[in-house]
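First the structure, in the form of structure tokens, and then the observations on it.
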Amino acid sequence: MITQRCPPQSETFDVAVIGAGVVGCAVARRFALAGARVIVIEKGADILSGASKANSAILHTGFDAPKNSLELELVQAGRREYLEICASMNLPLVETGALVCAWTKDEAAKLEGIAEQGLANGVSTVRLLTALEARAIEPGLSESIVAALHVPDEHVVDPWSAPLGYVSQAMALGALVLRQCELLGGSFDGEWRLDTSKGDVRAKFVINAAGLYGDHVDACLGFTPEFQIKPRKGQFVVLDKAASRQLKTIILPVPNEITKGVVVCPTAFGNILVGPTAEEQEDRVRATVEHDTLAGLVTHGVKLVPGLANIPVTAVYAGLRPASEKKEYRVIDRPESRAITLGGIRSTGLSAALGLAQHALKLHGGSARGEFVEKVAPTIHMPNLAETRARDWQAEGHGEIICHCEMVTRREIEAALNSALPPGDFGGLRRRTRAGMGRCQGFYCNARLAEMSKGCLATPLAVDQENGR
């Protein structure tokens, strides 16, 4: 079972971050780099256990973000910082580019406006293409394409290693991460006293990055919520790695007011992903998948890229985006209460996370007031899981292969289990190593994974018959 040190009752942190999704991890890193003493409070058994565990992994340019919006500013700031740090942290960047594809004359008529918006948003590389030009870039596209917009700077990243790297850097600077720690209440008397399931936490400042529970956490802290989270389910289909020969570019639809639409795109792990849907629901926990919807996604992918026909489906999943009743980010600064809410962060959260963290530090103002002493960034070298670069199994002395579908070595799994922030549950182990995420979905390696992870996960992978657990 995971064990974590609880903070001494006498300790007062500079900043308490509620939620360890990609935004919370990025915020913890930014404040730790600034010199703040940080604590992260996460209800789940592991980081990324909410909305951040399921997304399309695209690093957006902001070409289609609302003009002059905070979202545009933060997506582009986050993207810039990711590009600055990815090499030093060994985080992958798969330079796919994207094509916004029009399949009807009506959609084609909208491309010029999207191109103008891209240029106005500072994305100078967008270019309108004829159908012939689009198929020259991506030969796998259906001949029924009418026109396209090329966005060469849209890329794909590893959506899980990046936030793990952010929070690992924060921890190297002394940040404390409490998982399976639920916020129960909070009061402010010049400092925050947070009532959690692991005891009281005292902090000078609170940042709410609770994603799907952002409005609930605001209420828990005694604020009148200024927005309501309206979970938006997205179902995805992951096609076998054989599909990667058919597509090298992100294929985007012409977006509408509600969603960016269903994407067909490569992943950093060598698969092709089709999704997400955009389905409003009340449930903030369960995200089910439905056979007919998934079959529709497969059909959609084949319609756009005919070479995907007959490619097996490796996995299906669904995630929940923390949308609100408004399209824009719900960033609320409460200087009188020394609190910030980073809410309503929808599809672009992965791209904007580092920008949101910069913005939160600016709103906090502690660095400008000289409250903190900036620290040198410690070296964090993340294990590479991307197929575009050398993996551990290709290195000398890799030893036993545990997961043959994803070619995961024993030493990769042992390194994850013995890391500064080991996986708290089986999902966390999969996200850190990709073990069990391939064609057999763990059928052949789960027994070994259960053996290796015994005593390490909040919920054991296997039943302990002797102790009845």
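Backbone phi angles across the range 91-103, fed through the Karplus curve with coefficients 6.51, -1.76 and 1.60 (θ = phi - 60°), yield HN-Hα couplings of 9, x, 9, 9, 7, 7, x, 9, 10, 8, 9, 9, 10 Hz in residue order; Gly and Pro are listed as x.
Kindly identify the range 175-228 as rounded, prolate or oblate by the Cα gyration tensor criterion: order the square roots of the eigenvalues as a ≥ b ≥ c, call it rounded if a/c is under 1.5, otherwise compare a/b with b/c, prolate if a/b is larger, else oblate.
Details: a/c = 1.77, a/b = 1.22, b/c = 1.45.
It is oblate, given that a/c is not under 1.5 and a/b is not larger than b/c.
When peptides 240-247, 368-375 are sorted by average Cβ neighbour count within 10 Å, with the highest value leading, the order is 240-247, 368-375. Across the range 18-63, Cα pairs under 8 Å and at least six residues apart give a relative contact order of 44 percent. Annotation for the range 157-204 versus the range 58-133: alpha-carbon center distance of 33 Å. Summarising the amide proton neighbourhood of Asn90: residues at separation of 5 or more, or on other chains, whose placed amide H is nearer than 5 Å comprise Met382.
Report the relative contact order of the chain, percent, no decimals, based on alpha-carbon pairs under 8 angstrom and at least 6 residues apart.
On the way: 1029 pairs, mean separation 102.1, N = 469.
Reported as a whole number, the value is 22 percent.
Proximity of backbone amide H atoms, modeled 1.01 Å from N, is registered between Thr196 and Leu184, Val201 at under 5 Å, excluding neighbours fewer than 5 places apart on the same chain.
Here, the range 313-469 yields an orientationally averaged convex hull projection of 14.7 nm² when only Cα atoms define the hull. What whole-number distance in Å separates the alpha-carbon centres of the range 12-41 and the range 294-371? The two parts, judged by their Cα centres, are 18 Å apart. Scalar couplings 3J(HN,Hα) for the range 118-128, obtained by applying the Karplus form with A = 6.51, B = -1.76, C = 1.60 to θ = phi - 60°, are x, 5, 5, 7, x, 9, 7, 8, 5, 8, 6 Hz; x denotes Gly and Pro. For a test of the definition: using alpha carbon positions, the gyration tensor, and the 1.5 limit on a/c, classify the range 391-430 as rounded, prolate or oblate. Oblate, since a/c reaches 1.5 and b/c is not below a/b.
Would you please put 71-78, 198-205 in order of how densely packed they are, using the mean number of other Cβ atoms within 10 angstrom per residue and starting with the highest? Mind showing how you got there, number by number?
Numbers: 71-78: 23.8, 198-205: 18.8.
Highest to lowest by the protection proxy: 71-78, 198-205.
For the chain, with every protein chain kept in place, what is the accessible area per residue (1.4 Å probe, Å²)? On a per-residue basis, the chain sits at 42 Å².
Sorting check: for 294-304, 183-193, 344-354, 92-102, which peptide has the highest mean count of neighbouring beta carbons within 10 Å, and how do the rest follow? List each step's numbers first, then the result.
Numbers: 294-304: 18.1, 183-193: 14.7, 344-354: 26.5, 92-102: 22.3.
So the order, starting with the most tightly packed, is 344-354, 92-102, 294-304, 183-193.
Each other residue within a Cβ distance under 9 Å of Ala458 adds +1 if Lys or Arg and -1 if Asp or Glu, for a net charge of -1. Each stretch of four or more DSSP H residues adds -39500 (n - 2.57); spread over every residue of the chain, this sum gives -8000 deg cm²/dmol at 222 nm.
Taking the Cα centre of the range 365-430 as origin and assigning +1 to Lys and Arg Cβ atoms and -1 to Asp and Glu Cβ atoms, the resulting dipole is close to 180 debye.
So what's Rg/Rh here for the range 1-151, counting alpha carbon atoms and using the Kirkwood radius for Rh? When Rh is taken as the Kirkwood radius, the ratio is 1.11.
Averaging 1/r across all pairs of distinct Cα atoms in the range 108-198 and inverting the result yields a Kirkwood radius of 18.2 Å. Taking amide H as placed 1.01 Å from N in the peptide plane, Ala458 has its amide H under 5 Å from the amide H of Ile2, Asp425, each at least 5 places away in sequence or on another chain. Couplings 3J(HN,Hα) for the range 211-222, derived from phi with the Karplus relation 6.51 cos²θ - 1.76 cosθ + 1.60 (θ = phi - 60°), are x, 5, 10, x, 5, 5, 5, 4, 5, 4, 7, x Hz, where x marks Gly and Pro. Is the C-alpha gyration tensor of the chain telling us rounded, prolate or oblate? Criteria: a/c under 1.5 is rounded; beyond that, a/b larger than b/c is prolate, otherwise oblate. Oblate, since a/c reaches 1.5 and b/c is not below a/b. Grouping the Cα pair distances of the range 296-352 into 5 Å bins from zero gives a pair-distance distribution of 4, 14, 15, 12, 11, 14, 10, 7, 4, 4, 3, 1 percent in increasing distance order. Counting protein heavy atoms only, the chain has 52 percent of its accessible area on carbon and sulfur, 1.4 angstrom probe.
The values are calculated or read from the model by the stated rules, or taken from the named source; none is laboratory data. Model, not experiment: these values are computed from the prediction. Here the Cβ is made from the backbone with ideal geometry for all residues, glycine too, and neighbour counts use every protein chain on show. Areas reflect the complete protein model, heavy atoms only, side chains present, ligands, DNA and RNA absent. Shrake-Rupley method; radii C 1.70, N 1.55, O 1.52, S 1.80 Å.
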